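**Q** Take this structure, written in structure tokens, and hold onto it; I'll ask about it next.
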Amino acid sequence: MFAQLFLGIYFVVKGIVEHYARKPNLFLSEGTIQSISKENLPSNLKRVGKTHIFLGIFIAIMGQIEHWYNPDLWIFIMTYIILGFACIGILAYLNKKYSGDYILR
């Protein structure tokens, strides 16, 4: 439960920083900024930030659901897989759209 809570908080903070950041910092590397053109960078960072905020909230909520309600294992794992892959797919789509690569280096 605590690992999921802290991982969720990490992704929410990372999403907020990406949503408002325009220069390299702890969560945003110089390589990410250089791989995306200057005119597309604010739009990309806002969309990636929103995706990370959603992922953080999702992970924290799933940790609380697991702790308090103890759902069936297969339902819990399938929910993680489906929504987790949706977030990863959105991030890969945004990377491909703005930088031309699925994975930013």
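**Q** Farthest toward the dipole's positive end in the chain, which of His52, Ser37, Val17, given Cβ charges of +1 (Lys, Arg) and -1 (Asp, Glu) about the Cα centre?
**A** Ser37
**Q** Roughly how tilted is helix 41-69, in degrees to the nearest 10 and between 0 and 90, from the longest Cα axis of the chain?
**A** That works out to roughly 10 degrees.
**Q** Using a Gaussian network model of the chain whose springs link C-alpha atoms within less than 10 Å, name the residue from Thr51, Thr32, Thr79 with the highest mean-square fluctuation.
**A** Thr79
**Q** Among (1) 1.87; (2) 0.99; (3) 1.04, only one was calculated for this model; which label is it, if the read-out is Rg/Rh (Cα atoms, Kirkwood Rh)?
**A** So the structure-derived entry is (3).
**Q** Helix-derived [θ] at 222 nm for the chain: sum -39500 (n - 2.57) over DSSP H runs of at least 4, divide by residue count, nearest 500?
**A** -26500 deg cm²/dmol
**Q** Compute, for the chain, the length of the dipole vector about the Cα centre, with Cβ point charges of +1 (Lys, Arg) and -1 (Asp, Glu) only. Units Debye, rounded to 20.
**A** That gives the chain a dipole magnitude of about 500 debye.
**Q** Asn40: net charge of surrounding residues, Cβ under 15 Å, Lys/Arg +1, Asp/Glu -1, itself excluded?
**A** Here the charged neighbours net out to +3.
**Q** On to the next question. Using 0.36 nm times the number of residues separating Lys46 and Tyr93, minus their current alpha carbon distance, what extension gain do you get?
**A** 15.5 nm
**Q** A follow-up question, please. Roll a 1.4 Å probe over the protein heavy atoms and report the accessible area of His67 in Å², nearest 10.
**A** 90 Å²
**Q** Please give the per residue accessible area of the chain, computed with a probe of 1.4 Å over protein heavy atoms only, in Å².
**A** Accessible surface, normalised per residue, equals 66 Å².
**Q** To continue, here is another question. Where is the GNM fluctuation largest for the chain (alpha-carbon springs, 10 angstrom cutoff): Ile81, Ile36, Ile90?
**A** Ile81
**Q** Roughly speaking, to the nearest percent, how much of region 55-105's 1.4 Å accessible area is carbon and sulfur?
**A** Using a 1.4 Å probe with all protein chains present, region 55-105 comes out at 71 percent carbon and sulfur.
The values are calculated or read from the model by the stated rules, or taken from the named source; none is laboratory data. It should be emphasised that the depicted structure is a prediction, and the values quoted were computed from it without experimental measurement. Note that each Cβ is placed from the backbone with ideal geometry, even for glycine, and that neighbours are counted across all protein chains shown. The accessibility values were calculated without ligands, DNA or RNA, using every heavy atom of the protein model including side chains. Shrake-Rupley method; radii C 1.70, N 1.55, O 1.52, S 1.80 Å.
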